[in-house]
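Nothing in this text is a laboratory measurement; each read-out follows from the coordinates by a stated rule. The structure presented is a predicted model; accordingly, all values stated were derived computationally and were not measured. So basically every Cβ, Gly included, is an ideal-geometry build from the backbone, and we count neighbours across all protein chains shown.
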Ligand code: IPE
Ligand code: IPE
Ligand code: MG
């Protein structure tokens, strides 16, 4: 299976283009989101097959709350339904399921299901599947800074130590604590922007922009992305 020399540890995807996929077919935008779930399933399977250890998916941004209420409701209902349906698959295939983002903005019912899925899969080690829900990069950095400031205010005796914080230690205040930075960030649908995704964590990620719309991004596209990654030369500012 593994024709790849250099498999990224963490692949992250900005799943974009569901609305356009539906419009091209004369369907409601929701139909694109529903079809997109099949791509999530396909890419998760491919990640397991290729030995990728972390797959993270940008599913809903803080900015996406500004979409029409009907679409927001449809997306949240789809998240709920998909999590309910996939839990047994996560358990069977050793997938640890994690949701990161501004959880307070999600409903109680969805939060309870997320907690349940996270607890039940916490011991799995084959693949960690991270869903970024109500997430934005600036929000993440800001919540980290607030947590950090609160620690100084509550423990003034520790202020000196806290003020000598380094990048690695600051990274532990981000919601991605414990998850390695993404080696590759893929964005589908031809858009070439980060849309407030992992701003801090993407400092040295390889970017791959694909014209394929997310509902059409399946195993073959995932494989091509891994192949492209294996040809990249990561220098980290040094001379090789
Ligand atoms: C991505 O597809 C899904 C979410 C952002 C929730 P879009 O809904 O953004 O689809 P386009 O970009 O309008 O085609
Ligand atoms: C980015 O897609 C967010 C997610 C994929 C969840 P958007 O479709 O919301 O981003 P913009 O509006 O094109 O920047
Ligand atoms: Mg979009």
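Quick notes on this structure:
- Mean-square fluctuations from a GNM of the chain, with a 10 angstrom spring cutoff on Cα atoms, peak among 162, 142, 129 at 162.
- Förster-model FRET efficiency, 25 Å R0, residue 38 and residue 104, C-beta, rounded to 0.05: 0.25
- Short-range pairs are left out: with C-alpha atoms under 8 Å and at least six residues apart, the relative contact order of segment 134-240 is 27 percent.
- GNM flexibility winner over the chain from 133, 226, 110 (Cα, springs under 10 Å): 110
- Ranked 155, 33, 102, criterion: other C-beta atoms within 10 Å, fewest first: 155, 102, 33
- Length-normalised contact order of segment 53-167 in % [C-alpha pairs under 8 Å, at least 6 apart]: 37
- Contact order for the chain, expressed relative to its length and based on alpha carbon pairs under 8 Å spaced 6+ residues apart, stands at 30 percent.
- Helical runs (DSSP H, four residues minimum) scored at -39500 (n - 2.57) apiece and divided by the length of the chain put the mean residue ellipticity at 222 nm at -14000 deg cm²/dmol.
- Ordered by the number of other Cβ atoms lying within 10 Å of each residue's own Cβ, fewest first, 138, 238 fall into the sequence 238, 138.
- Cα pair distances of segment 77-155 binned at 10 Å [whole percent]: 17, 41, 29, 12, 2
- Peptides 57-65, 70-78 ordered by average Cβ neighbours within 10 Å, highest first: 57-65, 70-78
- Shape class for segment 102-196: prolate, because the ratio a/c of the largest to smallest gyration tensor axis (alpha-carbon atoms, square roots of eigenvalues) is 1.5 or more and a/b beats b/c.
- Highest GNM mean-square fluctuation among 82, 189, 39, for the chain modelled with Cα contacts below 10 Å: 82.
- Counting beta carbons within 10 Å around each of 44, 176 and listing the fewest first gives the order 44, 176.
- Projected label distance in nm at residue 219 and residue 154, using a 7 Å step from Cα toward the beta-carbon: 4.8
- Summarised in one figure, the compactness ratio Rg/Rh of the chain, Cα atoms and Kirkwood Rh, is 0.98.
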